[in-house]
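The values are calculated or read from the model by the stated rules, or taken from the named source; none is laboratory data. All figures in this text were calculated on a predicted structure; none of them were measured in a lab. Note that we place each Cβ from the backbone using ideal geometry, even for glycine, and neighbour counts take in every protein chain shown. For accessibility, only protein heavy atoms count, side chains too; no ligands or nucleic acids. Shrake-Rupley method; radii C 1.70, N 1.55, O 1.52, S 1.80 Å.
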Amino acid sequence: MRHFYVIATFWFYSILLGTSVTGEYYTSTERMRQLIKLEESLTNHLSRYIENYANDSRALQRQRDELGRQLKEASAHDLLYVSHPVTAFLLINRLLTDWQKIGAYIGLDVRQYAFENIQMPTADDVSGVMEALVRLQHLYQIVPNKCSRDIGIDLPFDQALGALECYQIADHLMADGFNSQSIRWFQEALHLWSMDYAGLTKFDVINELVKALSNEKRYTEALKLTDEVLQEQPDNPVALSNRILLENATASELLSDNEGRTTGTPEYSEYEMLCRGGIERPASVLKTLYCFYEHSRNPFLRIAPLKLEQISHDPFMVVYHEIISDREITNVLEAAQPRLNRALVFEANKYSVTHYRTSTNAWLDVEMFYTHLKPIVKRIEDMTGLTKRSYDQLQIGNYGVGGHYSTHYDYDRPAEGQEAFPTLGKGNRIATVMYYLSDVDVGGATVFPDIGVGVFPRKGSAIFWYNLYRNGTSDPRTLHAACPVMLGSKWVANQWIHERGQEFKHPCALDPML
């Protein structure tokens with residue numbers, strides 16, 4: 001029965017892979033929280049079924065009670081639960097497998113089930129969470145299934161995966177081509193395996209681990225494991241077939257061991273270390289940076305100065321602290337939440353979904369529709385000295401499970417003779433202001449690999465930098481990234497400022513090289 005469950009799980013995922021994506025819950029912690037409501041509705045439906053039709057079904061009652069226990073745990077700590085990659089996977093996995101079986105038994109088509117317009121997650125959500133696990137595992141150097149211990153936080157719930165879940169993750173990763181990452185999850189599944197898994201044998205796990213090792217050309221390790229299987233099961237057909245292939249492959253392993261291996265670029269290595277907070281800036285740089293009250297930009301600031309922290313002189317980059325109040329943040333989030341959609345990336349004069357930006361966002365037209373947010377935009381004029389006539393709409397972003405945005409530039413790089421952001425007609429993005437609307441428990445830093453700067457989110461603060469040189473050309477040193485969120489919910493508000501209208505506010509320098 002257990003073996004049938006494993007097969008049914010992957011069959012169900014493969015069917016869903018052909019369907020259209022309706023939720024992409026994993027891209028937003030706010031959307032992930034909706035799934036708890038959905039499971040609560042399903043549990044209530046099951047309870048009513050048991051009460052009316054299956055009062056004597058002990059097995060169904062036990063399953064209902066176990067699902068209720070997990071739901072209670074999720075509801076009590078909803079934000080932590082849905083943002084933690086392991087429990088997020090468990091939640092989505094329950095909805096796509098456990099509830100699929102229950103639905104078939106009680107005559108409920110869970111694939112069509114919805115509650116308050118909250119639809120069931122899809123296989124895309126499974127893929128998204130699994131890829132987030134790999135991303136976090138690699139970047140933050142985490143051992144599989146040890147997430148809570150390795151990040152140094154005691155969580156108020158049990159988030160450990162079992163052998164079956166680790167096997168599912170590993171199998172999915174290998175199918176998607178993440179062979180090296182799948183190895184560690186197969187090893188974890190083997191470590192956790194016990195006789196309780198009647199349908200998932202130890203040899204199933206080892207044979208898949210052998211396949212992953214072979215894909216990585218680690219033939220000697222694969223052959224050793226294969227021999228271990230054959231010692232206990234001399235007639236295991238998969239192991240017998242593997243041994244023939246591996247005997248031929250081990251002879252060339254030394255030659256192939258270095259093939260296809262590349263070292264990380266300095267930029268990526270710098271990015272990883274900045275995300276982990278592992279780079280200390282030299283004292284010679286730090287001694288030139290100061291914190292002070294900014295009051296010189298306009299007369300208003302003389303009675304309400306801004307708390308400014310310098311983080312880079314060239315390129316110019318500062319952080320303003322306590323720049324937006326909790327009440328203002330609440331107003332922004334209330335306006336944004338109903339409008340959240342999958343974040344897009346502007347490339348080649350069009351917007352598209354990418355895997356290197358996993359978040360949701362909402363665009364708010366403050367001048368026309370959300371006028372109660374005008375003080376927030378006006379404050380950006382006080383912070384930057386740049387006129388709001390060339391501002392973009394305010395963009396609110398929420399990052400999901402392992403949510404990130406890989407290294408990118410905020411400015412556009414149009415082809416020769418073409419205009420930057422042509423649909424806006426405001427020129428290129430001369431500067432960026434990013435409000436941090438939440439604290440983040442672990443991860444989520446904004447990092448600039450080329451200048452060795454990392455800023456970790458602090459609710460109520462904002463970071464400001466120029467994207468262009470004074471002569472209007474792009475400054476590649478502003479390459480930056482949003483590091484993956486390990487735990488917690490990250491909310492930001494981006495205000496992009498364009499060139500047009502800034503001619504007298506931020507004039508070109510006489511030196512054409514600046």
Listed residues H77, H506 arranged by accessible area, highest first, probe 1.4 Å: H77, H506
Distribution output for the stretch 281-498: share of Cα-Cα pairs per 10 Å bin in percent, first bin at 0, values 8, 33, 40, 17, 2
Take the Cβ-Cβ distance between N471 and V143 as r, set R0 to 35 Å, and report the resulting FRET efficiency rounded to the nearest 0.05. 0.10
Between S269 and W363, 0.36 nm times their residue separation minus their Cα-Cα distance comes to what? 30.5 nm
What angle do you read, to the nearest 10 degrees and between 0 and 90, between the alpha-carbon axis of helix 219-232 and the longest principal axis of the chain? 30
Where a Cα-Cα gap under 14 Å defines reach, which aspartates and glutamates qualify for K459, not counting those fewer than 8 residues away within the same chain? E322, D326, E328, D439, D441
Multiplying the sequence separation of L240 and A104 by 0.36 nm and subtracting their Cα-Cα distance, what value in nm do you get? 45.2 nm
Acute angle (nearest 10 degrees) that the helix 237-250 long axis makes with the longest principal axis of the chain, alpha-carbon atoms: 60
Segment S352-F316, extension gain: residue separation times 0.36 nm, minus the distance between their alpha carbons: 9.9 nm
Where in the stretch 401-417 does the label zone of I279 land, with the point 7 angstrom along Cα→C-beta and an amide N cut-off under 18 Å? 405-410
Given backbone amide H placed at 1.01 Å from N, residues whose amide H is under 5 Å from that of A431, ignoring those fewer than 5 places away on the same chain, are N467, I497
Quick one, what does Rg over Rh come out to for the chain if you take C-alpha atoms and the Kirkwood Rh? 1.03
For K72, give me every one of the aspartates and glutamates with a C-alpha distance below 19 angstrom, ignoring sequence neighbours fewer than eight places off in its own chain. E30, E39, E40, D98, D154, D158
Could you sort D78, D450, D382 by accessible area so the largest value comes first, with the probe set to 1.4 Å? D450, D78, D382
In deg cm²/dmol and to the nearest 500, what is the mean residue ellipticity at 222 nm of the chain if only DSSP H runs of at least 4 residues count, each as -39500 (n - 2.57), divided by the residue total? -12500 deg cm²/dmol
Beyond 27 Å between alpha-carbons counts as too far, so tell me which of K101/K224; K374/K505; K350/K505; K37/K490; K287/K505; K101/K217 fall in that bin. K101/K224; K350/K505; K287/K505; K101/K217
Once you place label points 7 Å from the Cα toward the Cβ at E216 and E309, how far apart are they in nm? 3.8
In range of the label at F300: residues from the stretch 411-435 whose backbone nitrogen is under 18 Å from the point 7 Å along Cα→Cβ: 433-435
At R0 = 51 Å, FRET efficiency that the Cβ-Cβ distance of H77 and L510 yields, to 0.05: 0.30
Among chymotrypsin sites (Phe, Trp or Tyr not before Pro) in the stretch 292-346, those in a DSSP loop whose Cβ has at most 16 other Cβ atoms within 10 Å are F316
To the nearest 10 degrees, how steeply does helix 202-215 sit against the main Cα axis of the chain, on a 0 to 90 scale? 50
Charge context of D382, other residues only, Cβ under 15 angstrom, K/R +1, D/E -1: +4
